[in-house]
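A short worksheet on the structure shown next.
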Amino acid sequence: VENDYRFDQTGSVITIQNEDLLYQACLKAVLTVQGSNPYHSNYGSKITTRVGGKIVSASAALIREDVVTALNRVQALQKAQRKYQQVTSRELLYQISSVEVRPAEEDPTVFFLDVVVRNGSNQPVSLSTVFSVPGTFALGGTNATSLGQQRSGITQQIIR
């Protein structure tokens, strides 16, 4: 859960700017469920619908595509925003340098995301997060391990 407002010790609103604002804009777009904002139905990503899929490599590719699409929307929004208010070069998403998505070795329903974007001042801004969907779990054998017979106490007996 992310709140849009922070307050200092005197109760004044803390505003963020420059690379911190770019970081927030990018991460917020990636973490927001697409369609959850009735005023901007295309804002956000579909990542939560991808996690927990049966084909992990396909899920990773779709997550990467969703991240790139969400960040491209941030660029478009910033371009439109610049017509009406100032967006500094340090706050501007200029380029998506890299998007790396990898499943956790121990649980293929968990994905690690590492993104590097560059702002208008050509400074890199790194984002890292972990995606997991509540209620999704790996079935035995899906992560190239045994079906967990030893952990669950099931022995290798002949069942008649």
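The values are calculated or read from the model by the stated rules, or taken from the named source; none is laboratory data. Just so it is clear, the model here is predicted, and its values are computed rather than measured. Here the Cβ positions follow ideal geometry from the backbone for every residue, glycine too, while neighbour counts run over all protein chains shown.
Summary table below
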| quantity | calculated |
| --- | --- |
| Filtered residue count, the stretch 99-112, keeping only those that are part of a strand (DSSP E or B), modelled with pLDDT under 95 and either surrounded by 20 or more Cβ atoms within 10 Å (Cβ to Cβ) or aliphatic (A, V, I, L, M) (or both) | 4 |
| Residues being in contact with an Asp or Glu (Cβ under 8 Å, 6 or more places away or on another chain), outside any loop (DSSP other than H, G, I, E, B) and surrounded by 14 or more Cβ atoms within 10 Å (Cβ to Cβ) - total across the stretch 113-131 | 5 |
| Matching option when the condition is out of contact with any Pro (no Cβ under 6 Å at 6 or more places or on another chain) and under 14 Å from S132 (Cα atoms), among I14, I63 | I63 |
